[in-house]
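The values are calculated or read from the model by the stated rules, or taken from the named source; none is laboratory data. Please read all numbers here as calculations on a predicted model, not as lab measurements. As a convention, Cβ positions derive from the backbone with ideal geometry for all residues, glycine included, and neighbour counts pool all protein chains shown.
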Amino acid sequence: MTENRVVILGTGLAGLFTALKLSQSNVKSLVITKGNLSQTNTWRAQGGIASAFSKSDSPQNHLRDTLAAGDGLCSVENAKRIIEAAPKTIIEFISEGMEFDKTADEYSLGQEGGHHERRILHVSDQTGKAMHSLLVDKIKKEHSNTIMILENAMAYKVDSIQTGYNIMTTSPEEDEIHNIKARHLVLATGGAGKAFLYTSNWRGATGDGFKLAHDLGCELINAELVQFHPTCLFHPKAQRFLISEALRGEGAKLLNHKGERFMSSYPQAELSPRDQVSLAITKEIKNSDKDFVFLDIRHKSKDFLRKRFSSIFKFCLNLNIDISKDLIPVVPAAHYFCGGIATDSSLTQTNKEGLYAVGEAAYTGLHGANRLASNSLLECLVSAKLCAEKIKDSKLQNHFEWTSQKNSPKQYSSKDIEDVQSLWTTVRTLSWNKLGLHRSKDELIEAKQSLEKIEAKLLQMSKRLSKHPPFCELQSITFYAKAGVEGALLRKESRGCHYRLDFLDKNNDLYNTSFQKNQSSKVGLA
């Protein structure tokens with residue numbers, strides 16, 4: 001098949017909205033996902049999308065809260081640009097058919113950690129799912145002629161060629177290989193939460209885009225800045241289930257095992273930025289010798305909770321936790337990547353012609369050292385729109401070619417399979433223990449040495465397993481873990497979601513040397 005199409009890797013909000021905006025400009029695209037359409041972190045985003053919608057709020061107030069959460073590392077200019085675009089972009093999304101919750105004729109705005117105003121538009125506690133479902137439905141019904149979707153195809157290699165990029169994908173069974181050439185390639189591949197033992201992310205969040213971009217010569221910015229969500233449900237049958245920050249926005253309190261509040265001494269109490277809440281919970285867990293703390297929202301009625309937090313209420317009830325009567329056991333988990341693939345002033349273009357990054361995969365400077373709650377879906381919409389405009393206005397001659405071939409599924413030795421599974425656990429455990437909420441020089445050096453040995457072993461295995469999806473993902477999380485460790489070693493300070501036990505204070509002298517003030521250091525390069 002030969003025609004003009006843009007290739008987009010990733011079917012979360014950023015990838016699909018890029019495709020929609022391109023289609024509305026009569027630009028065709030092929031959107032590729034290694035799972036199915038609903039397997040994305042967007043689908044799991046509960047809280048909502050932040051924007052200054054109330055009369056008492058303003059983009060200036062939203063920017064103030066964003067910069068405060070970012071702890072000195074936001075790009076002020078870029079953050080301002082994204083936040084000022086927020087109301088108009090969201091209204092544009094509403095015009096596509098989106099219906100956020102309302103009370104009477106006014107939007108029902110929530111409040112989350114780090115926000116001094118109610119500015120979170122939401123759909124119960126399933127905002128990401130609702131926004132994503134709208135796009136999927138719209139694409140299938142109205143844009144199927146211009147937007148093609150390829151599911152269950154993992155991009156295991158991307159090469160730079162004279163006419164753009166050659167993307168090679170394989171199916172989970174490895175029985176079909178796609179070879180796709182395109183002039184424009186958009187990386188909307190999300191973050192790398194699965195590099196950690198405990199995470200809120202879907203199983204495919206393995207940082208594939210980071211490695212693909214690095215292999216093409218792009219820079220990865222601030223790999224060490226990973227936000228840990230304070231409140232994931234602690235239950236043996238509830239892997240990766242998030243308890244939205246919006247509960248704390250509705251007055252939920254954090255309690256230790258003695259039933260005592262431990263956030264009341266903080267200026268914003270339970271609505272403090274996520275890094276502060278996560279560290280406070282970790283401290284309580286360590287001091288109590290328990291594995292979790294509690295979230296208490298029993299002051300709200302069952303009817304309110306069932307309506308406002310429908311999916312959380314139902315999920316917990318299936319585990320015999322009635323959140324209107326029972327305390328909710330919670331624990332921090334790796335959640336969101338504040339760094340990303342370096343982009344230029346367009347906020348989407350990488351240093352490679354025709355290669356773009358959007359959403360969580362991209363570094364725009366919005367989040368700085370710690371993401372303000374519900375700014376993620378906002379960044380997805382704004383960066384997707386900017387990316388579509390950049391491609392539409394590009395002078396590059398588009399080129400697209402797609403060939404497929406059937407492949408005889410490979411049979412791997414039991415040792416290879418066992419080694420891959422074992423190394424998966426090893427890397428994720430290393431990341432959690434050495435690159436988690438608490439970091440120190442000795443542990444980071446130990447982790448780096450271990451990861452270098454794992455890299456050497458992966459290099460030996462790659463000739464046999466180069467198209468095996470679990471192995472490709474293992475390569476991705478190993479690359480990310482090493483980049484994160486190297487970045488954490490360079491950042492000799494504690495700032496935002498980066499906490500060094502051996503450097504407890506901020507170190508502004510860093511930004512006069514290898515770092516850039518109010519921007520980000522190009523650290524974490526493997």
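Data table
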| item | result |
| --- | --- |
| Counted residues, the stretch 462-476 - those being in a helix (DSSP H, G or I) and surrounded by 18 or more Cβ atoms within 10 Å (Cβ to Cβ) | 8 |
| Check on A384, in contact with a Gly (Cβ under 9 Å, 6 or more places away or on another chain) and under 26 Å from L233 (Cα atoms) | no |
| Residue in the stretch 455-462 that is at pLDDT below 95, under 26 Å from the mean Cα position of the chain (by Cα) and farther than 25 Å from S200 by Cα present | no |
| Residues of the stretch 43-63 that turn out to be in a helix (DSSP H, G or I) and closer than 20 Å to R248 by Cβ, as a count | 3 |
| Residue in the stretch 101-122 that is closer than 16 Å to L37 by Cα and either modelled with pLDDT of 95 or more or buried (at least 18 other Cβ atoms within 10 Å of the Cβ) (or both) present | no |
| Residues of the stretch 234-277 that turn out to be of a type outside the set (S, T, N, Q) and part of a loop (DSSP other than H, G, I, E, B), as a count | 21 |
| Considering residues of the stretch 477-498 that are of a type in the set (K, R) and not in a helix (DSSP H, G or I) only, the residue nearest to the chain's Cα centre (by Cα) | R495 |
| Hits in the stretch 206-249 (condition: modelled with pLDDT under 90, closer than 18 Å to L305 by Cβ and not aliphatic (A, V, I, L, M)) | F241, S244, E245, G249 |
| Among the candidates E260, E270, E219, residue that is touching a residue at least 12 places away in the same chain (Cβ under 8 Å), in the same structural domain as K314 (by TED's automatic domain parsing) and among the acidic types (D, E) | E270 |
| Pick from the stretch 84-118, criterion β-branched (V, I, T) and without any contact (Cβ under 8 Å) to a residue 60 or more places away in the chain, ranking: farthest from E379 (Cα to Cα) | T103 |
| Test: P230 is within 18 Å of A373 (Cβ to Cβ) and either assigned to a helix (DSSP H, G or I) or under 24 Å from the mean Cα position of the chain (by Cα) (or both) | yes |
